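Engineer: Could you have a look at this structure, given as structure tokens, before my questions?
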């Protein structure tokens, strides 16, 4: 057993080594440009911006691994939204995407680094926090205008001491183009071969201001068509049946049954089930408007005012948290003999006693449940910055953001009227319950729900620079940054009264709640040049950072960073960091009320199916003594995956006793820029993330597996999370948030690029690139009393840190080759996701490694006019099939689901 992981690792290592050898073996050309040493730094005027530090020193380099995506790379993807290019980065796992149906993100795209949970990735805009939505710390990155993005930096390894809480797995920093000059308009479309389209356009205007200053205004519009499951062959679910939409009606007195076909024809041999899964949404429909303005203006030679204003309106239509499955009825009601909707065929099947017939109705409504959400998000920021001296700068800013959204639910209805009368029973007497249209119209009603507001206020002041005007060490002046920051956040969620009381057919009980917290912080960084211009030490810098945070709810905590940057010579640089990170509970975790869904939803709602895998005692895989101890049914005596086996509720919600989760992260890496091969740049970084007291939930599949298979002891606390009825069937599940055991991940990030302009290509430029991630270990300990589970290279809810991303590959990469000649560029890219196996106990199911390819090109038709075209998923690769635990037979949060897609964009600039 111990040898198998090494075999997998070796195969991946062989592939990486082969690529590195190919790059290293490429011939050198005299015309190659020298490699950049900024590793994510971009010059703007005299400033150097390095993600991961507030110290701005010309020539400064990051000690943390950073993967950057440039504006040109974004354009080659014909990107209308951030999602169109961010899903290609190997450091970013699934998160929430357009195919995440049933997610409570309601159309947002949420980034997640390294499968560490969407709340453990901090999203920044020009180095300051974006506005979160809902009740998590997550940010809808599609609310950032794609046309305005200059560069995206993905910093891994944590950055809590520099940026504050939530930067546990790392930071994604969107650098906006605040220096744009002129007018640029663009239009773009991405058309899927098998149906589905996304299209839109943008306008951006930038100009200098008199007496020094600049303003940039951008407006984007995006529209995405809904894609139904029936538009993709692989998404069909023939076993996914519901009670007949035509209905089965049984006269209680005579026992006669009749009904209607799905097309509405009367029959005395009704079919008990229907399959309408082809009409379920696979990709949510979207309409989005993004507007933004960036400005800076010199008030005097020493003071500049700057800021931004951003607004986003998004409207989405998708399945809700309960899934798309329509309301199903199974109830005996009284039908009056004078009911005007009784046809002769129906009347002949009924037995009337005292003018009424007792009829059992078993059927589904003909309208699937949909959530229609509108979200407004805005943020305004303004600040002042300037120079204290030639070597010391100051910066003060304040920003406020709000997300405000409401959801309208269609396809569901109210069980009881305001007087307490059952609506179906009332309708049955004299209403039309025998036609799909009549019954649906009579029972469904729009429900206004999920009124979520999130406010964030941040203000900070920073002093940064160097000691050069006071003193310098032999190796140079000391760099520093010190500052203070205050942040206040509030959140509230309101619900329709029907949801608060559970008076709907499908929604369960949804709690309303509100919460708030604030934090005052002091932070500082220092960068000390220790040695320089010595044999094997061209430059050695040591640095550190510390942040002291005082929360009104969780007390005072400190986070810190130690780093080293050792430039051996022009060929090699070594770097490393050691950090303490922290994440405070989000509103859903500490303030959320207890909500519930029927426990049976875990077998009837596609999105929830990965959270339950059956009863091991009934399946015969459980420990016999443990099964007997808890009164479970005998093996083979029941169907534990039937909805009737899960009789109670699935309770979830917040926990006011939660404490912050804390951890340590380490990175050690090397940057190779060999002088014997100009244009080659190779980085290798080892990392470790160790998070203790991780906030999360234990899903029923994990609790049941631990209790009855992996740790079958009477004292196992996870056994109490899923209770049993007197007959042994499962009753209730409890999945409220708690501080769990630990999450530990170790791995390697590898990147390589080679740029040259060889003479034998006639002056054309060529560029090879590679970014890869190898996970060597990933363990999750659900509770301190149970053993950790090895999750490297697996799929399934057992190994999901937050129930969102369900695939944990141990290898991912994006590799490409590009050619540039004259006014044209051609790019070929290859994305690979490694083989994974099921994390379910006893399962042998595997998903083979997946490869997809993109081909894109751009051409400048004339000065300022450029066209881009691409074929994404060039060979029309379907996502992999999974027998259980997926959604629409696969994992849309990880794998490409659109199929072959053609992208086009036209840009004109004056």
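Engineer: Of everything in the stretch 756-787 that's assigned to a loop (DSSP other than H, G, I, E, B) and in contact with a helix residue (DSSP H, G or I) (Cβ under 8 Å, 6 or more places away or on another chain), which residue is surrounded by the most Cβ atoms within 10 Å (Cβ to Cβ)?
Structural biologist: 782
Engineer: Looking at (1) at pLDDT below 95; (2) crowded, with 18+ Cβ neighbours inside 10 Å; (3) touching a strand residue (DSSP E or B) at 6+ places or on another chain (Cβ under 9 Å), which one does residue 889 not meet, given that it meets all the others?
Structural biologist: If we test residue 889 against (1) at pLDDT below 95; (2) crowded, with 18+ Cβ neighbours inside 10 Å; (3) touching a strand residue (DSSP E or B) at 6+ places or on another chain (Cβ under 9 Å), just (3) comes out false.
Engineer: Inspect the stretch 713-724 for any residue being surrounded by fewer than 22 Cβ atoms within 10 Å (Cβ to Cβ), in a strand (DSSP E or B) and touching a strand residue (DSSP E or B) at 6+ places or on another chain (Cβ under 8 Å) and give the result as yes or no.
Structural biologist: Within the stretch 713-724, one or more residues are surrounded by fewer than 22 Cβ atoms within 10 Å (Cβ to Cβ), in a strand (DSSP E or B) and touching a strand residue (DSSP E or B) at 6+ places or on another chain (Cβ under 8 Å).
Engineer: Going by the conditions given, is residue 85 modelled with pLDDT of 75 or more and either buried (at least 24 other Cβ atoms within 10 Å of the Cβ) or farther than 23 Å from residue 176 by Cβ (or both)?
Structural biologist: No: the conditions fail for residue 85.
Engineer: Here are 448, 417: which of them is touching a helix residue (DSSP H, G or I) at 6+ places or on another chain (Cβ under 7 Å) and surrounded by fewer than 16 Cβ atoms within 10 Å (Cβ to Cβ)?
Structural biologist: The match here is 417.
Engineer: Taking the conditions exactly as written (surrounded by fewer than 21 Cβ atoms within 10 Å (Cβ to Cβ), within 26 Å of residue 672 (Cα to Cα) and at pLDDT 95 or above), does residue 482 satisfy them or not?
Structural biologist: no
Engineer: Here's a follow-up. Would you be able to tell me the number of residues in the stretch 682-697 that are in contact with a helix residue (DSSP H, G or I) (Cβ under 7 Å, 6 or more places away or on another chain) and buried (at least 23 other Cβ atoms within 10 Å of the Cβ)?
Structural biologist: Of the residues in that region, 1 qualify.
Engineer: Another question, then. Which residue is nearest to residue 870 (Cα to Cα), if the candidates are limited to the stretch 197-233 and must be in contact with a helix residue (DSSP H, G or I) (Cβ under 7 Å, 6 or more places away or on another chain) and surrounded by 16 or more Cβ atoms within 10 Å (Cβ to Cβ)?
Structural biologist: Looking at residues that are in contact with a helix residue (DSSP H, G or I) (Cβ under 7 Å, 6 or more places away or on another chain) and surrounded by 16 or more Cβ atoms within 10 Å (Cβ to Cβ), I get 202.
Engineer: Scan the stretch 411-441 residue by residue and report those that are without any contact (Cβ under 8 Å) to a residue 24 or more places away in the chain and under 22 Å from residue 319 (Cα atoms).
Structural biologist: Correct list: 441 only.
Engineer: Looking only at the stretch 72-83, how many residues end up being more than 13 Å from residue 202 (Cβ to Cβ) and outside any loop (DSSP other than H, G, I, E, B)?
Structural biologist: Of the residues in the stretch 72-83, 4 are more than 13 Å from residue 202 (Cβ to Cβ) and outside any loop (DSSP other than H, G, I, E, B).
Engineer: Can you find, within the stretch 500-534, the residue that is surrounded by the fewest Cβ atoms within 10 Å (Cβ to Cβ) among those that are on the phi < 0 side of the Ramachandran plot and part of a loop (DSSP other than H, G, I, E, B)?
Structural biologist: Selected residue: 511.
Engineer: Which ones in the stretch 801-811 are modelled with pLDDT of 75 or more, buried (at least 24 other Cβ atoms within 10 Å of the Cβ) and in contact with a strand residue (DSSP E or B) (Cβ under 8 Å, 6 or more places away or on another chain)?
Structural biologist: Residues satisfying the conditions are 806, 807, 808, 809, 811.
Engineer: Tell me which strands (runs of 3 or more DSSP E) are completely within the stretch 120-212 and hold 1 or more residues being modelled with pLDDT of 90 or more, under 28 Å from residue 405 (Cβ atoms) and more than 22 Å from the chain's Cα centre (by Cα), or say none if there are none.
Structural biologist: Passing ranges, in order: 182-192, 197-208.
Engineer: Give the residues of the stretch 255-265 that are surrounded by fewer than 16 Cβ atoms within 10 Å (Cβ to Cβ) and either assigned to a strand (DSSP E or B) or in contact with a strand residue (DSSP E or B) (Cβ under 8 Å, 6 or more places away or on another chain) (or both), sorted by residue number.
Structural biologist: 256, 262
Engineer: Across the stretch 836-863, what is the total count of residues that are surrounded by fewer than 17 Cβ atoms within 10 Å (Cβ to Cβ) and in contact (Cβ under 8 Å) with a residue 60 or more places away in the chain?
Structural biologist: Here the count works out to 1.
Engineer: Which of the following residues is within 27 Å of residue 356 (Cβ to Cβ) and not in a strand (DSSP E or B): 270, 238?
Structural biologist: 270
Engineer: Look at the stretch 666-681 and say how many of its residues are closer than 30 Å to residue 580 by Cβ and touching a helix residue (DSSP H, G or I) at 6+ places or on another chain (Cβ under 8 Å).
Structural biologist: 0
Engineer: Now a separate question. Which pairs do you get when a residue that is on the phi > 0 side of the Ramachandran plot, found in the stretch 254-283, comes within reach of a residue that is surrounded by 19 or more Cβ atoms within 10 Å (Cβ to Cβ) and at pLDDT below 90, reach meaning Cβ atoms under 9 angstrom, with the pair 6+ apart or on two chains?
Structural biologist: Partner pairs satisfying both residue conditions: 264/436.
Engineer: If we only count strands (runs of 3 or more DSSP E) wholly inside the stretch 801-852, which ones have 3 or more residues that are under 27 Å from the mean Cα position of the chain (by Cα) and within 23 Å of residue 67 (Cβ to Cβ)?
Structural biologist: 811-821, 824-833
Engineer: Further question on the same structure: Restricting the stretch 135-157 to residues that are within 30 Å of residue 511 (Cβ to Cβ) and in contact with a helix residue (DSSP H, G or I) (Cβ under 8 Å, 6 or more places away or on another chain), which is surrounded by the most Cβ atoms within 10 Å (Cβ to Cβ)?
Structural biologist: Within the stretch 135-157, the match that is surrounded by the most Cβ atoms within 10 Å (Cβ to Cβ) is 137.
Engineer: Please verify whether residue 796 is crowded, with 16+ Cβ neighbours inside 10 Å, in contact with a helix residue (DSSP H, G or I) (Cβ under 9 Å, 6 or more places away or on another chain) and on the phi > 0 side of the Ramachandran plot, treating the condition exactly as stated.
Structural biologist: The answer is yes for residue 796.
The values are calculated or read from the model by the stated rules, or taken from the named source; none is laboratory data. In this text, all values refer to a predicted model and were calculated from it rather than measured experimentally. Backbone-built Cβ (ideal geometry, glycine too); neighbour counts: all protein chains shown.
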